[in-house]
Amino acid sequence: MTDSLLILGRQPALGLAELESLYGGRNLKKAGANATVVFRDPSEVDFDRLGGSVKLCKVLTLLDTTHWGEIERYLVKHTPEHALSLPEGKIQIGISAYGFTESAQRIQATGLSVKKAVKKAGRSVRLTPNQEPALSSAQVQHNHLTGPTGWEFVIVADGQQTFLAQTVQIQDIDAYTLRDRGRPKRDARVGMLPPKLAQIIVNLAGKHVVPDGAVIDPEHPTNKKPHNARLLDPFCGTGVLLQEAMLMGYDIYGTDLEPRMIDYSNH
């Protein structure tokens, strides 16, 4: 089974707490300041419900070095053989580095070396340029780096070792924008809770992992006829938290002293 590596967002402490709530602390390993390894295959990570992680990656290998020159030599040596197994068409590659002191120009130079090696192996390839050491989610999306012929190398320094991973999914920027700006009811006098933060709050609301040693009785009436989890927001405001909980499959209930808040939430 392949482990997952998640790149945390602007508030990594919240992103880590969210993952602990969903998957349990024993199933996680912090990797540097901006990433966490989840001991689950990426297909088992419900990435769409995570507000605190911006990239979902599959771990390719763990290198016993953080020396950038050695990492570059590894990529140049091993990337061409894997590139040959990708579907026909121009390959799109990009490199994101986390926890290193190398400049964007140095990382870009590594990308050019990898591009040259892949091209020498007989594949057409395009490199996504680095304005920063790490590519943004928008760059990954625009350059199709999670597509069939896309490949974003995510390189994370962790102590004396380096995680090498490949991005398989990024946060859906367009969907967040639509939910944040396309609400049927808005009020300039009321603070607007960002959907990402609302997701984190919902995920922190309860324990989602089975405690160690617990035994689930399949014959118990509540397990024979399972129902959706229920969430109550006693001060629902414009209904952002209720919206995100509903998208996660919760049965939702909201209350508020202000009638207009109830009206906003109903819409």
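The values are calculated or read from the model by the stated rules, or taken from the named source; none is laboratory data. A quick note: this is a predicted structure, and the numbers were derived from the prediction, not measured. Positions of Cβ are generated from backbone atoms using ideal geometry, with glycine treated the same way; all protein chains shown enter the neighbour counts. Quick note on the areas: whole protein, heavy atoms, side chains included, nothing else; ligands and nucleic acids left out. Shrake-Rupley method; radii C 1.70, N 1.55, O 1.52, S 1.80 Å.
Condition check ((1) farther than 27 Å from D3 by Cβ; (2) aliphatic (A, V, I, L, M); (3) free of Cβ contacts under 8 Å to residues at least 12 places away in the same chain; (4) outside any loop (DSSP other than H, G, I, E, B)) across all residues:
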site	(1), (2), (3), (4)
Q108	yes, no, no, yes
V114	no, yes, no, yes
A117	no, yes, no, yes
G122	yes, no, no, no
E132	no, no, no, no
V140	no, yes, no, yes
L145	no, yes, no, no
V154	no, yes, no, yes
A157	no, yes, no, yes
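Residues in the range 227-251 that are open to solvent by 60 Å² or more (accessible area, probe 1.4 Å), over 15 Å from P194 (Cα atoms) and either hydrophobic (A, V, I, L, M, F, W, C) or part of a helix (DSSP H, G or I) (or both): how many?
Kept after step one, since they are open to solvent by 60 Å² or more (accessible area, probe 1.4 Å), are these residues of the range 227-251: 227-228, 230, 232, 235, 246-247.
From what is left, the residues that are over 15 Å from P194 (Cα atoms) are 227-228, 230, 232, 235, 246.
Still in the running and either hydrophobic (A, V, I, L, M, F, W, C) or part of a helix (DSSP H, G or I) (or both): 232, 235, 246.
Summing the residues that are open to solvent by 60 Å² or more (accessible area, probe 1.4 Å), over 15 Å from P194 (Cα atoms) and either hydrophobic (A, V, I, L, M, F, W, C) or part of a helix (DSSP H, G or I) (or both) in the range 227-251 gives 3.
Restricting to the range 76-90, give me the number of residues that are part of a helix (DSSP H, G or I) and open to solvent by 40 Å² or more (accessible area, probe 1.4 Å).
Of the residues in the range 76-90, the ones part of a helix (DSSP H, G or I) are 76-83.
Next cut, open to solvent by 40 Å² or more (accessible area, probe 1.4 Å) only: 76-78, 81-82.
Qualifying residue count for the region: 5.
Only residues in the range 243-267 that are under 19 Å from R189 (Cα atoms) and free of Cβ contacts under 8 Å to residues at least 24 places away in the same chain count as the first member; pair them with residues that are surrounded by 13 or more Cβ atoms within 10 Å (Cβ to Cβ) and aliphatic (A, V, I, L, M), Cβ under 7 angstrom, at least 6 apart or cross-chain, and list the lot.
D256/I262
Among residues belonging to the range 1-15 that are assigned to a helix (DSSP H, G or I) and under 18 Å from A134 (Cβ atoms), point out the one that is least open to solvent (accessible area, probe 1.4 Å). Full working, then the answer.
Within the range 1-15, the subset assigned to a helix (DSSP H, G or I) is 12-15.
Next, only the ones that are under 18 Å from A134 (Cβ atoms) stay: 12, 15.
Values: P12: 42, G15: 0 Å².
By that ranking, first place goes to G15.
Working only within the range 28-75, note down all residues that are part of a loop (DSSP other than H, G, I, E, B) and small (G, A, S).
Within the range 28-75, the first condition is being part of a loop (DSSP other than H, G, I, E, B), and the residues that meet it are 32-34, 39-41, 45-46, 50-52, 64-67.
Result: G32, A33, G51, G52.
For residues in the range 113-140 being among the hydroxyl-bearing types (S, T, Y) and over 25 Å from the mean Cα position of the chain (by Cα), which is most open to solvent (accessible area, probe 1.4 Å)? Quick ask: steps written out before the conclusion?
Going through the range 113-140, the residues among the hydroxyl-bearing types (S, T, Y) turn out to be 113, 124, 128, 136-137.
This time we only want the ones that are over 25 Å from the mean Cα position of the chain (by Cα), so: 113, 124.
Working: S113: 42, S124: 61 Å².
Among residues in the range 113-140 that are among the hydroxyl-bearing types (S, T, Y) and over 25 Å from the mean Cα position of the chain (by Cα), the one most open to solvent (accessible area, probe 1.4 Å) is S124.
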